[in-house]
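These notes are about the structure you will find just below.
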Amino acid sequence: MAGVELTHVPYRGDTPALTDLLAGQVQMAFMSMAPVIPHVKSGAIRGLAIASARRSNILPDLPTIAEQGLSGFDVGSWWGLVAPANTPREIIERAEGVVVPFLRTPATAARFLEMGLDPGQLGASAFQLYIASEKDKLADVVRRAGIQPE
């Protein structure tokens, strides 16, 4: 979106990438929130921006990329509970009836925030629509950038 060219350095997860970032072997990284929070708070690394559309409750002073001038930038990470496509609707509804209320409890929200996660609370139908929109959005990014599998 910004027309910036960067060298992609593949890592096998956040831990080795964070190790190299802290050691100065790489100059920047797009990373999950959880492993970097203590390092940002201590000043060991400088948080530049949140990649999602809204600021994080965990680091509320860190602006979004969109707020810094790249309007429409939204690449948040997410986790979700999924099941095989042919799972009976009553099973999905029963799981949703347990999981969604659990995610909405203050204790669960607090624990998620301690781990550097912002708990979502989407039901099954809304989450399915969200996954579809993310798939479409990322497919468009791949197409426009000419990304090819290696």
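Coordinate-derived values only; no laboratory data. What you see is a predicted model, and the numbers here were worked out from it, not measured in a lab. Cβ placement follows ideal geometry from the backbone for every residue including glycine, while neighbour counts extend to all protein chains displayed.
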Axial C-alpha extent at least 15 Å, average Kyte-Doolittle at least -0.5 - helices from the chain (DSSP): 89-103, 124-145
Estimated distance in nm for a label pair at GLN128 and TRP78, the labels positioned 7 Å out from Cα along Cα-to-Cβ: 1.5
Prolate/oblate/rounded label for region 79-150 (Cα gyration tensor, a/c 1.5): oblate
Region 79-150 - charge dipole about Cα centre, Lys and Arg +1 at Cβ, Asp and Glu -1, debye rounded to 20: 80
Trypsin sites (Lys or Arg not before Pro), loop per DSSP, at most 16 other Cβ atoms within 10 Å - longest free stretch of the chain: 56-103
Computed magnitude of the charge dipole of the chain (debye, nearest 20; Cβ of K, R +1, Cβ of D, E -1): 140
Volume per residue of the C-alpha convex hull in the chain, rounded to whole Å³: 148
Amide H partners (placed H, <5 Å) of THR64, local residues excluded: ILE50
Low-density loop positions, chymotrypsin sites (Phe, Trp or Tyr not before Pro), region 66-150 - DSSP coil, at most 16 other Cβ in 10 Å: TRP78, TRP79
Sequence-separation-based contact order of the chain, relative, with Cα cut under 8 Å and 6+ spacing, percent: 16
Listed residue (GLY97, THR108, SER77) projecting farthest to the positive dipole end of region 71-131, Cβ model: GLY97
